[in-house]
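These notes concern the structure reproduced below.
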Amino acid sequence: MKKRILIPILVILSFVSLFVGVSSISPIDLLDFQSEETQIFLISRLPRLVAILLAGAGMSMAGLIMQQLSRNKFVSPTTAGTLDATRLGILVSMLLFANASMIEKMAVAFAFALAGTFLFMQILDRIKFKDAIFIPLVGLMFGNILSSITTFFAYRADVIQNMSAWLQGDFSMIMKGSYELLYISVPVFIIAYIYANRFTVAGMGEDFSKNLGLKYRSVVNIGLVLVALITATVVLTVGMIPFLGLIIPNIVSIFKGDHLQKTLPHTAMLGAIFLLLCDILGRVLIYPYEISISLMVGVIGSAIFLFLLFRRRAYA
Amino acid sequence: MRNVHKMMLLAGLAVAACALYLFHDLNGSFDYALPRRGVKVFAMVLTGVAIAYATVVFQTITHNRILTPSVMGLDSLYMLLQTLLIFFLGSDHVTILNKQVNFLLSIAVMVVFALLFYRLLFKKGNQPIYFLLLIGIIFGTFFSSISTFLQVLIDPNEFQMVQDRMFASFNNVNADLVWTSLAFVAVLIAVAWRHNASLDVLSLGRDAAVNLGVNYDSLVKGMLVLSAVLIAIATALVGPITFFGLIVANLSYQFFKSYKHSVHLTGAIVISIIALVGGQWVVERVFTFNATLSVIINFIGGVYFIYLLLKESRSK
Amino acid sequence: MIQVRELTKFYGKKQVVENVSVDIQRGKITSFIGPNGAGKSTLLSMVSRLLDADTGEVLIDSTNTKKMKANDLSKRVSILKQSNYMDVRLTVRELVSFGRFPYSKGRLNGEDEKMVDQAIGYMDLESMEQSYLDELSGGQRQRAFIAMVIAQDTDYVLLDEPLNNLDMKHSVQIMKILRRLVDDLGKTVVIVLHDINFASVYSDRIVAMKNGRVVKDGTTEEIIQSAALKEIYDMDIPIQQMDNCRICVYFNS
């Protein structure tokens, strides 16, 4: 898994993504700036591509950071309740402020994502039996519970089908003006890269980090804030994308080991590639309709996750 | 002897709850309201017994008090089946309208899935139980991804039918089905009851159980299948109540200081009858609340679970 | 007599027990010694059916254990592993009562109660029989588990590193009890030991394993010899005779 292989794949897939869709656009159409094709291209296709790249890179990074900090390969926004906490946050913001602006929703969703992740880390601290498989099990249960709380409120407000629709990960609704929040991932990426070494050390444990003079708590907290920020923006703009943060870092770690600064760029790139691929498949498979990205990633992602699990058993 | 007194107290409460539900506000409607209420009470008792038994046994086998058999993905499978039927055949198709057909079909699908699942996993040698659970939960997520995707596409009027199935409800249970299920559950539990002492030994751990002459592997497999069948019956009859078993089993552990399964199984069953019948009475007649009982139970169960996780530092 | 016949066990591709045959004589303490990873615990687990062997068989008094019912076997052979974690809070007496499960299936009769009393008395646990196990020290808890095995009343008692996590005083106490089980009650004790000097002082026979195979099998006098130990541990270990004990002085060799 080399950068010089990943980068060309990424470029080719991006190109394909730009020119696949219901209204056919060819690169030549773009020469005419006034044409309808160019308008569609600028309003829908380009934002969609950018959104996919940012969401894919962002969610994979979030997963990688969580895995480093919790010292468990199977912890991720999906398996630690972060996604579900974000969803609850979005619902609460919808119910409390009927006409909430994107930024208000973002703030509430972020607060819930952070609180949920933090709560999970607290639970993790208190569980003495740190079996690699037991931890994600607790996390998934925790997520189920958060979503049952969400269901409770959604049921009372009679918005269950609506909510399913909002939170179903879906790139087909991405337009100019609705995805820009995702750019938050860019500074987050830079901070994550700067902190990479510190996360790696923190991953070796509290005592070990203190021995090296690292402020363990604050590094962990920064990591969790980054994770919550990415998750909240992605869920809010795109919807739930399960498993991405789980499988991508695991695949990269098989090839490149666990040194964060080395693996971070690869993880981000592979995440973007994987999501692009799922999105293109979803657009092509039942053309002219679309399979939502949640379903595509859910199906392919759970299959890969099962594979990783069995692989781990074989090597254990 | 104190456990005996506690048990009598609880049994008294359970009977009182049933009586209250049957006769409160009856206004002499012995011919019309009473038989209908009677069917509902039987349905609740039946659900309570099945879920309580399945959960306590499941927790013993998995050596864990914060799991429920629902993590095996049966709830999600049930929802997927209902969604698929409504999506592809329509809400006026016989498999949806005819409750007997739907009931048998649901049980068949869930039990076949559970059997295939266990067979597949046990064939690969003895996998650790958490591994099995994690796979189950992934299947659950997988099923929910598909359901969510279809639910968004379903016509809003049809979705009402799906939503009715999403939450357990005792309001329109079919009387014939109650009697059939009652017979099933009674026979299953009567057969299983003689294994109580072996289950006591099981809580000493696998090695100790084998040392004491328990056929560990066959007992565990048998009990896993049994709890899956019980959950399937309860779910097909009234709908999914994911976290109910978690509450009643843990209340029983807190209430009765004993290691004996005969005590905890009875305790959990009686507590679940009080919770279901009493809860339904409160929801129906006192609050006339805008939510079904199962949504509230999942909500309370969820909060209780998080409390358990935070409190239970000695949890394994 | 326990006859182990050509037992083999693989973990993945790694062979941890390789074609092991050994006889364990009645009425004796037999210790299994050897370096870490020699396959001692795995062998013991296979003999006691906690683990299925890949090939080979185990005969107990000439009967193949595979042909015996689990319940009957549990009246002949008991096994105590090093880790005894539990889900439930039990008192000492409740734990010891579990030893009668093969006979009573959870419903103890008068004779069962008598056996439980005896086992508790034998391990000197009367004063704490109503205490919960998690309130006891490591040594007391280990004694409670041994009491359970005594209540199980089997001819053969297998123990996997019972001295782990015990201090010197309790280790000696446990070994003395095991000696009495053999001398007074005529049991056969098989034990995996880490400390070669405990093996030397308390056992009748010693089986030494290395890399999944039996490298030495004989009486304690035969094995506790510098030449034999050199073969087992790759160390030159002088032996000192003190009173009747042969002590291996391996600390500076």
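The values are calculated or read from the model by the stated rules, or taken from the named source; none is laboratory data. Here the structure is a predicted model, which means the values were calculated and not measured. Neighbour counts run over all protein chains shown; Cβ positions are idealised from the backbone, glycine included. These accessible areas exclude ligands, DNA and RNA; they are computed on the full protein's heavy atoms, side chains included. Shrake-Rupley method; radii C 1.70, N 1.55, O 1.52, S 1.80 Å.
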Averaged over A:78-84, number of beta-carbon atoms from partner chains that fall within 10 Å:
1
Going by a 1.4 Å probe on protein heavy atoms, which residues of segment B:198-229 end up with at least 50 Å² less accessible surface in the whole assembly than in their chain alone?
B:S203, B:L204, B:D207, B:V210, B:N211, B:L212, B:G213
Work through the residues other than A:T78 whose Cβ is under 15 Å from its Cβ and net out their charges, Lys, Arg +1 and Asp, Glu -1.
+1
Under 13 Å from a point placed 7 Å out from the Cα of C:M242 along the Cα-to-Cβ direction: which residues of segment C:202-218 have their backbone N that close?
none
Could you please state how large a percent of the accessible area of chain A is carbon and sulfur, counting protein chains only and using a 1.4 Å probe?
66
What angle do you read, to the nearest 10 degrees and between 0 and 90, between the alpha-carbon axis of helix A:134-157 and the longest principal axis of chain A?
50
Derived scalar couplings ³J(HN,Hα) [segment B:225-237; Karplus, 6.51 cos²θ - 1.76 cosθ + 1.60; whole Hz; x for Gly, Pro]
5, 4, 5, 5, 5, 4, 5, 4, 4, 4, 5, 5, 6
With the solvent-accessible surface defined on protein heavy atoms using a 1.4 Å probe, which residues belonging to segment B:146-172 display a reduction of at least 40 Å² in accessible area in the multichain context relative to the isolated chain?
B:F149, B:V152, B:F159, B:Q163, B:F167
Build a GNM of chain C with springs between Cα atoms under 10 Å: which of C:G34, C:G106, C:G139 gets the top mean-square fluctuation?
C:G106
Place the peptides A:239-248, B:36-45 in order of packing, highest mean first, counting for every residue the other Cβ atoms within 10 Å and averaging per peptide.
A:239-248, B:36-45
Return the distance in nm (one decimal) between the two label points of a simple spin-label model at C:L108 and A:L95, each offset 7 Å from Cα along Cα→Cβ.
5.3
Under a 10 Å cutoff between Cα atoms, tell me which one of C:V172, C:V182, C:V96 has the largest fluctuation in the Gaussian network model of chain C.
C:V172
Mind grabbing the interface size between B and A? I mean buried accessible area, both sides, 1.4 Å probe, in Å² to the nearest hundred.
4400
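For B:A33 and C:M168, what does the FRET efficiency come to when R0 = 45 Å and r is the distance between their Cβ atoms, rounded to the nearest 0.05? Please report the intermediate quantities before stating the final value.
Details: r = 76 Å, r/R0 = 1.69.
So, using R0 = 45 Å, E works out to roughly 0.05.
Output needed for chain A: three equivalent-ellipsoid semi-axes, defined as square roots of 5 times the C-alpha gyration tensor eigenvalues, in descending order, whole Å.
Values: eigenvalues 200, 116, 66 Å².
In descending order, the three semi-axes are 32, 24, 18 Å.
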Computed over chain C: relative contact order in percent, which uses C-alpha pairs under 8 Å that are six or more apart:
25
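Treating only the Cβ atoms of Lys and Arg (+1) and Asp and Glu (-1) as charged, compute the dipole magnitude of segment C:1-108 about its Cα centre; round to the nearest 20 debye. Spell out each step's value before the answer.
On the way: 19 positive and 10 negative charges, 84 e Å.
Dipole about the Cα centre, nearest 20: 400 debye.
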Interchain or long-range residues, amide H under 5 Å from C:L80's placed H
C:L158, C:L159, C:D160
With +1 assigned to the C-beta of every Lys and Arg and -1 to the C-beta of every Asp and Glu, and no other charges, what is the dipole magnitude of segment A:73-162 about the Cα centre in debye, to the nearest 20?
200
I'd like the trypsin sites (Lys or Arg not before Pro) in segment A:1-98 restricted to DSSP loop residues with at most 10 other Cβ atoms within 10 Å, sorted by number.
A:K2
So, relative contact order of chain A in percent, Cα under 8 Å, 6 or more apart, is 31
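Set the Förster distance to 30 Å, then compute FRET efficiency between C:A227 and C:E6 from the Cβ-Cβ distance, nearest 0.05.
Numbers: r = 28 Å, r/R0 = 0.92.
Taking R0 as 30 Å, the efficiency between C:A227 and C:E6 is 0.65.
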Near-label residues of segment A:232-246 by backbone N, under 17 Å of a point 7 Å along Cα→Cβ of A:A157:
A:235-237, A:239-240
To the nearest 10 degrees, the tilt of helix A:185-202 (Cα long axis) against the first principal axis of the alpha carbons of chain A is 20
Output the residues of segment B:266-305 meeting this criterion: accessible area (heavy atoms, 1.4 Å probe) in the chain alone minus accessible area with all protein chains in place is 30 Å² or greater.
B:F289, B:N290, B:V295, B:F299, B:F305
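Could you give the accessible area per residue of the protein assembly as shown, probe 1.4 Å, as a whole number in Å²? Display every interim value, and only then the final one.
Details: 36760 Å² over 885 residues.
With all protein chains present, the protein assembly as shown gives 42 Å² per residue.
Evaluate the Kirkwood expression for the hydrodynamic radius of segment A:147-223, namely the inverse of the mean inverse distance over all pairs of different C-alpha atoms, and round to one decimal in Å. All intermediate terms of the calculation are to be shown ahead of the outcome.
Working: mean 1/r = 0.0616 Å⁻¹.
Value: 16.2 Å, from the Cα pair sum.
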Please give the charge dipole size of the protein assembly as shown, origin at the Cα centre, charges +1 on K and R Cβ atoms and -1 on D and E Cβ atoms. Round to the nearest 20 debye.
820
Pick from B:L85, B:L104, B:L204: which is most flexible by mean-square fluctuation in a GNM of chain B where alpha carbon atoms under 10 Å apart are linked?
B:L204
Total Å² of accessible surface buried at the C-B contact, 1.4 Å probe, nearest 100?
2100
Would you please give the FRET efficiency between B:K99 and B:M8, computed as 1/(1 + (r/R0)^6) with r the Cβ-Cβ distance and R0 = 41 Å, to the nearest 0.05?
0.65
Restricting to DSSP H runs of at least four residues, report the calculated mean residue ellipticity at 222 nm for the protein assembly as shown, -39500 (n - 2.57) per run over all residues, nearest 500 deg cm²/dmol.
-20000 deg cm²/dmol
So which aspartates and glutamates can B:K260 reach, going by Cα to Cα under 17 Å and dropping same-chain residues fewer than 8 places off?
B:D200, C:D87, C:E94
Could you check the spin-label model distance between B:K257 and A:M102? Points 7 Å from the Cα along Cα→Cβ, value in nm.
6.0
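Can you give me the % of accessible surface on chain B that is carbon or sulfur? Probe 1.4 Å, all protein chains present, nothing else counted.
Values: 8190 of 12190 Å².
Here it works out to 67 percent.
Tell me the relative contact order for chain B as a rounded percent, counting alpha carbon contacts under 8 Å between residues six or more apart. Please report the intermediate quantities before stating the final value.
Working: 354 pairs, mean separation 109.5, N = 316.
35 percent.
Within a Cβ distance under 11 Å of B:M161, other residues only, what is the Lys/Arg minus Asp/Glu net charge?
Taking every Cβ under 11 Å from that of B:M161, the sum is -3.
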Angle, helix A:3-18 long axis vs. longest principal axis of chain A, Cα atoms, 0 to 90°, nearest 10?
40
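Tell me the Kirkwood hydrodynamic radius of segment A:215-261 in angstroms, computed as one over the mean inverse distance between distinct C-alpha pairs.
Numbers: mean 1/r = 0.0801 Å⁻¹.
About 12.5 Å, per the Kirkwood formula over Cα pairs.
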Cα→Cβ-extended label distance, 7 Å offset, between C:D195 and B:V282, nm
5.8
